[in-house]
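The values are calculated or read from the model by the stated rules, or taken from the named source; none is laboratory data. Just so we're clear, the structure is a prediction, and the values are computed from it rather than from any experiment. Cβ atoms come from the backbone with ideal geometry, glycine included; neighbour counts cover every protein chain shown. Keep in mind that these areas ignore ligands, DNA and RNA; they rest on the heavy atoms of the full protein, side chains included. Shrake-Rupley method; radii C 1.70, N 1.55, O 1.52, S 1.80 Å.
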Amino acid sequence: YENAIELTKLNIITPSPIGYIEYHRDNYLAQSFYVYEEWRADSTIREAITDPRFPNRAEILAGLGKFAWKLHSKSVNFKDFSPGNILIKYSEPAEFCLVDINRIKFEPLSLKKRMRTFARLWLDDHDLLFVIAGYAKACGNSESQSLKLALHYSRQHKRQSLRKERLKAFLGLH
């Protein structure tokens with residue numbers, strides 16, 4: 001709830017918060033409910049990311065980069081910047097909306113932290129280029145330095161995730 005209030009103050013789209021209720025039992029949080037207005041999206045960004053033939057895909061990915069810069073320029077570190085947590089309306093320009101916003105920190109972000117944001121999108125290297133080009137254009141940073149870092153963190157995240165999945169399969173936890 002508090003994150004939604006803060007994002008709204010920063011002019012970043014998230015479903016409008018209405019309220020929340022927490023139930024405590026024996027000094028711990030037993031249940032909580034968060035109520036918000038529906039934001040009517042066309043889809044999540046996953047559609048555009050996973051379908052190479054998606055209409056205007058390059059422009060949408062560049063727009064996602066510009067949106068990420070908007071977050072970062074306002075010191076928003078959205079740790080769950082992943083395809084299922086970014087809603088989109090395919091207007092001109094596209095509108096992006098953040099959901100599942102419990103893991104947000106409001107803090108200044110180094111270039112490394114900013115580029116680490118893109119790892120959870122699970123983009124291939126070529127598609128990440130479109131996102132970083134949009135980001136670099138919006139912020140005026142060096143596209144090559146940003147891309148180098150974003151590729152490093154993206155590849156690192158994929159290796160770690162795949163290693164974790166193999167370990168789970170080996171242990172029979174799937």
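Descriptive notes on the structure:
- Heavy-atom accessible area, probed at 1.4 angstrom with all protein chains present, ranks S75, S144 as S144, S75, highest first.
- Cα centroid separation, the range 76-136 to the range 57-73 (Å): 7 Å
- Residue order for T44, T50, T14 - accessible surface, 1.4 angstrom probe, largest first: T50, T44, T14
- 3J(HN,Hα) along the range 167-174, derived from phi through the Karplus expression 6.51 cos²θ - 1.76 cosθ + 1.60 where θ = phi - 60°, amounts to 5, 4, 5, 4, 7, x, 8, 8 Hz, with x in place of Gly and Pro.
- With Rh defined as the Kirkwood radius, the inverse of the mean 1/r over Cα pairs, the Rg/Rh of the chain is 1.00.
- Each Cα pair under 8 Å and six or more residues apart adds its sequence gap; the mean of these over the residue count of the range 40-92 is a relative contact order of 64 percent.
- Largest-first ellipsoid semi-axes for the range 1-66, taking √(5λ) over the Cα gyration tensor eigenvalues, angstrom: 34, 15, 11
- Protein accessible area in the chain, 1.4 Å probe - carbon and sulfur %: 51 percent
- Accessible area expressed per residue, the range 1-126, with surrounding protein chains retained (probe 1.4 Å, Å²): 59 Å²
- Cα coordinate range in the range 53-103, projected on the principal axes (Å, largest first): 31, 21, 16
- Hz values of 3J(HN,Hα) by residue in the range 14-22 - Karplus curve (6.51, -1.76, 1.60), Gly and Pro given as x: 8, x, 5, x, 10, x, 8, 9, 10
- In terms of accessible area, using a 1.4 Å probe and ignoring ligands and nucleic acids, R120, R40 rank largest first as R40, R120.
- Most mobile listed residue (A136, A30, A150) in the chain, GNM with C-alpha springs under 10 Å: A30
- Here the range 84-174 is treated with +1 on each Lys and Arg Cβ and -1 on each Asp and Glu Cβ, and its dipole about the Cα centre works out to around 620 debye.
- Alpha carbon centroid spacing (whole Å) that separates the range 139-170 from the range 1-30: 30 Å
- Take every pair of alpha-carbon atoms less than 8 Å apart whose residues are at least six positions apart; their mean separation over the length of the chain yields a relative contact order of 20 percent.
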